[in-house]
Amino acid sequence: ILCTCRKQRNRDCIEGWIMRLAKRTEVAIDALAFIGRQGKVVTVDEIHGSLGREWHAWSILRDLSRAGILVSKAGRNGGYSIVRPLHEIKLAEVVTAIEGPLFPDGGDSPLPSRMVNASLRDMVRDGLQKITVADMVKAAA
């Protein structure tokens, strides 16, 4: 959770508190939306150019490949493409590929904090399961 107001160092600040994705995950989503719009093998240079910032997305693209979301093609005309239809790839899968498990399981403890974490995990997971890469491409168009 991250405070977005100007009082970021003030622990008592209650205005502007939101949940945010890690920057690497934001880059992964932007890269996937770009690759999805192209509908073909896209070079790393094209992906970097689409991000509009000095991101070196190699490790992010590798993580997405390891998760079975992207496939890499080596060689002169190499690059990355999306493996499955865009509507089959859920945002939850992308977030997990980059950040790891959301709210790691704390076991079956009756402690209130663990029950809250379990509820948060379920709500976030359910929300991320409803959004697909196709939705992101459509929104970016």
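A few notes on this one:
- Test for Arg6: is it surrounded by 12 or more Cβ atoms within 10 Å (Cβ to Cβ), on the phi < 0 side of the Ramachandran plot and either modelled with pLDDT under 80 or in a helix (DSSP H, G or I) (or both): no
- Enumeration of residues in segment 24-37 that are within 8 Å of the chain's Cα centre (by Cα), open to solvent by less than 70 Å² (accessible area, probe 1.4 Å) and touching a residue at least 12 places away in the same chain (Cβ under 8 Å): Thr25, Val27, Ala28, Ile29
- If you go through segment 57-69 and keep only what is farther than 28 Å from Met123 by Cβ and surrounded by 19 or more Cβ atoms within 10 Å (Cβ to Cβ), you end up with Ala57, Leu61.
- For segment 106-128, taking the residues that are hydrophobic (A, V, I, L, M, F, W, C) and open to solvent by 70 Å² or more (accessible area, probe 1.4 Å), the one that is modelled with the lowest pLDDT is identified as Leu111.
- Every pair of residues 6+ apart whose Cβ atoms lie under 6 Å, when the first sits in segment 116-135 and is in contact (Cβ under 8 Å) with a residue 60 or more places away in the chain while the second is outside any helix (DSSP H, G or I): Val124/Leu102; Val133/Ile89
- Lys73 being at pLDDT below 90 and either open to solvent by 60 Å² or more (accessible area, probe 1.4 Å) or basic (Lys, Arg) (or both): no
- Matching option when the condition is modelled with pLDDT of 90 or more and open to solvent by 60 Å² or more (accessible area, probe 1.4 Å), among Ile98, Ile89, Ile82, Ile131: Ile131
- Enumeration of residues in segment 54-79 that are in a loop (DSSP other than H, G, I, E, B), in contact with a helix residue (DSSP H, G or I) (Cβ under 9 Å, 6 or more places away or on another chain) and touching a residue at least 24 places away in the same chain (Cβ under 8 Å): Trp55, Ala57, Ala67, Ile69, Gly78
- The residue that is surrounded by the fewest Cβ atoms within 10 Å (Cβ to Cβ), among those in segment 38-56 that are within 20 Å of Arg84 (Cα to Cα) and modelled with pLDDT of 90 or more, is Lys40.
The values are calculated or read from the model by the stated rules, or taken from the named source; none is laboratory data. Just so we're clear, the structure is a prediction, and the values are computed from it rather than from any experiment. For neighbour counting, all protein chains shown are included, and Cβ atoms are generated from backbone atoms with ideal geometry for every residue, glycine included. Note: accessible area is taken over every heavy atom of the protein model, side chains too, but ligands, DNA and RNA are not part of it. Shrake-Rupley method; radii C 1.70, N 1.55, O 1.52, S 1.80 Å.
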